[in-house]
Amino acid sequence: MSTPVAPALVVVSGMSGSGKSGALHTLEDLGYYCVDNLPAELLPEFVRRMRAGDSAPEKVAVVIDARSLGDLAEVPGILSQVGAMGVNPRLLFLEARSDVILRRYADTRRRHPLSHLGLPLADAISLDRQALRPLRQIADILIDTSELNVHQMRRRILSEFGLESAGLALLFESFAYRHGVPGDADFVFDARVLPNPHWDARLRPLSGRDEAVRDYLDAQPEVATYVAQVQTFLDTWLPRLSTDTRSYVTVAFGCSGGRHRSVYLAERLARHSREHGWHEVATHHRELD
């Protein structure tokens, strides 16, 4: 039997609201097997299982942050255990200024993971920063995302990991109109004219990433027409933008709640772009991520 090849391991950590979901999506696009919110104490056993068998993934990324069970001060010792197993983990730590994180939570209306403690948002952010100090101190890569948009953070990660990034980068983003249009969108398409899965009780708890919602929207003639027209538009004009001085383009789809139609369209157009030769394509779902 051949000895399993140790996977490259990236541990992603950082403050809530600093962009960890976007970083994990970037690594997933690069072929990493990704796991979010892994309890720190389970990391050695997780790595051991990932290395077992011929089908073990070569690259693995896990998120460990303040949501993790146990004492984060023990993480350096846990990483040493992993290193003793023949795996060299790299710790990517993301942070942002407190005022930026406050604004991001206000924009998305999402709850901070530490809000269950009954803390005001500002205090939850302060506690989060304090709890993560042991990981920040040992980080191999430290990125402050305060002034970075999704594209810039993605390219920063590519650069830090020594990966090539050439040509125009595409980001397909979904959003809810009731929370405002993304300020960095280059193209905005309104999906509220399409049939809404929200009104189907089976589909309401799901998102546009789920197969049942995709099947529902795939079966709607209006959706087929809408997708075909948007694909034609993007296929015509995006190549022309690639000759410009810009390095990235954001295509945003909005609907009422930002869960079903907009997510479906962002994922579908991202897949279409990859199939048509675009190498750097990412998705971001503002109301889900």
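One residue stands out among those in the range 65-101 that are assigned to a loop (DSSP other than H, G, I, E, B) and within 21 Å of ARG154 (Cβ to Cβ): the one that is most open to solvent (accessible area, probe 1.4 Å), which is ARG97. Looking only at residues in the range 177-191 that are in a loop (DSSP other than H, G, I, E, B) and at pLDDT below 95, the one that is surrounded by the most Cβ atoms within 10 Å (Cβ to Cβ) is PRO182.
Within the range 31-45, the residues that satisfy the criterion of being more than 20 Å from SER21 (Cα to Cα) and either open to solvent by 40 Å² or more (accessible area, probe 1.4 Å) or in contact with a strand residue (DSSP E or B) (Cβ under 8 Å, 6 or more places away or on another chain) (or both) are GLU41, LEU42, GLU45. Of the set (1) more than 25 Å from LEU27 (Cβ to Cβ); (2) in contact with a strand residue (DSSP E or B) (Cβ under 9 Å, 6 or more places away or on another chain); (3) β-branched (Val, Ile, Thr), all apply to THR225 but (2).
Taking the range 78-132 as the range and being at positive phi and of a type in the set (Gly, Ala, Ser) as the test, the residues that pass are GLY86, GLY118.
Restricting attention to the range 190-218, the residues that are under 14 Å from ARG268 (Cβ atoms) and among the aliphatic types (A, V, I, L, M) add up to 4. For the range 178-206, the set of residues classified as in contact (Cβ under 8 Å) with a residue 40 or more places away in the chain and under 25 Å from MET153 (Cβ atoms) consists of HIS179, GLY180, VAL181, PRO182, ASP184, ALA185, ASP186, PHE187, VAL188, PHE189, listed by residue number.
The values are calculated or read from the model by the stated rules, or taken from the named source; none is laboratory data. For clarity, every value in this text was computed on a predicted model and none was experimentally measured. Note that we place each Cβ from the backbone using ideal geometry, even for glycine, and neighbour counts take in every protein chain shown. Side chains included, ligands, DNA and RNA excluded: accessible areas come from the protein's heavy atoms. Shrake-Rupley method; radii C 1.70, N 1.55, O 1.52, S 1.80 Å.
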